[in-house]
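This report concerns only the one structure given below.
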Amino acid sequence: MEHVTIEAAGLPAREAYQLMIDLIAPRPIAWVSTCDGEGRRNLAPFSYYQGVCSQPPTIVLSIAWRDGRPKDTLRNILATGELVVNHVDREHAAAMNTTSADVGPEVDEWAEVVAAGLGPLTPVAARTVRACVVGEAKAALECRLVHAIPLGHSRNGAPSSTLIIAEVNAFRLAPGLAERDDAGRLRPIDPAQLASIGRLGQIAYTETTAVFSMPRPRPRTKPA
């Protein structure tokens, strides 16, 4: 049976989105904390997210526009140049999902989680940015905006999405994660300690419980 080829040109945006989230999976989840110019907090998850550079540590995050308007997270990042990417584990999956609700900037997502009985969810002052860290998250990346690149065009002339490129200023790690060897080098973190979850298509998620390891292959000796 031959594969089916679907040309991207002319594909409805909804169908293109569906193929993207179905095929590019699992995706890490950025639980992004920001604040606006008045100090109002916002917390929302995004799965178009990845690390792209280690020196300096840099992440990318794509945020779609809604009806020609930037989402609260994007508006806050553009206004302040700051964000915190919080890690999401299985324990906080439901809390993370609650913060994905489409609500106005006057709604405090932190309080919504607690009101839903999924808390506590504690806003903790970050070290290098004004946005808060999720106190219960096992890790967080405190970031500053480097570039904001508009992508695509919606029917009303606004961008389809904005690609955020941000540099990591500080890594915040729960006790037991930042262990060093006798030479003072950071040890790799055991994936089981993080219990990360990932995003699949539709409303599906995955856990990182079935982990396997493969050593990198050594280059074969070149023939004489």
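Bear in mind that the values in this text are calculations on the coordinates, not laboratory data. Since we're looking at a predicted model, the values are computed, not measured. Cβ: placed from backbone, ideal geometry, glycine included. Neighbour counts: every protein chain shown.
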Inset, instruction - Sketch the reach of a paramagnetic label on LEU145 as a point 7 Å from Cα along Cα-to-Cβ, and name the residues of the stretch 74-95 whose backbone nitrogen lies under 19 Å away. - result: 74-86
Inset, instruction - Set Lys and Arg Cβ to +1 and Asp and Glu Cβ to -1, take the dipole of the stretch 1-101 about its Cα centre, and tell me which of PRO57, LEU78, PRO12 lies farthest positive. - result: LEU78
Inset, instruction - Please find, in a Gaussian network model of the chain (springs between Cα atoms separated by less than 10 Å), the residue of GLY184, GLY51, GLY176 whose mean-square fluctuation is greatest. - result: GLY184
Legend entry - Simple Cβ-charge dipole of the chain, Lys/Arg +1 and Asp/Glu -1, about Cα centre, in debye nearest 20: 800 debye
Inset, instruction - For an R0 of 45 angstrom, estimate the FRET efficiency from the Cβ-Cβ distance between GLN18 and ALA170 and round to the nearest 0.05. - result: 0.80
Inset, instruction - Round to the nearest 0.05 the FRET efficiency obtained for HIS3 and ARG69 when R0 = 41 Å and r is the Cβ-Cβ distance. - result: 0.60
Inset, instruction - Rounded to whole Å and ordered largest first, report the semi-axes of the equivalent ellipsoid of the stretch 99-166 derived from its Cα gyration tensor (root of 5λ). - result: 28, 19, 9
Inset, instruction - Express the C-alpha Rg of the stretch 91-132 as a ratio against the empirical globular expectation 2.2 N^0.38 Å, rounded to two decimals. - result: 1.22
Inset, instruction - Of the options THR122, HIS153, CYS143, report the single residue whose Cα projects farthest towards the positive end of the charge dipole of the stretch 120-183 (beta-carbon charges: Lys, Arg +1; Asp, Glu -1). - result: HIS153
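When every alpha-carbon pair in the stretch 138-195 is counted, what percent end up more than 15 Å apart? Kindly include the intermediate steps, with their values, before the conclusion.
Details: 1102 of 1653 pairs.
For the stretch 138-195, the share of Cα pairs beyond 15 Å comes to 67 percent.
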Legend entry - Nearest-20 debye value, the stretch 18-67 charge dipole, Cβ charges on Lys, Arg, Asp, Glu: 100 debye
Legend entry - Order of HIS153, HIS3 - criterion: other Cβ atoms within 10 Å of each residue's Cβ, fewest first: HIS3, HIS153
Inset, instruction - Starting from the Cα of VAL211, step 7 Å toward the Cβ, then list every residue of the stretch 184-201 with an amide N under 13 Å from that point. - result: 188-197
Inset, instruction - Give the value in nm², to one decimal: projected area of the alpha carbon convex hull of the chain, averaged over all directions. - result: 18.5 nm²
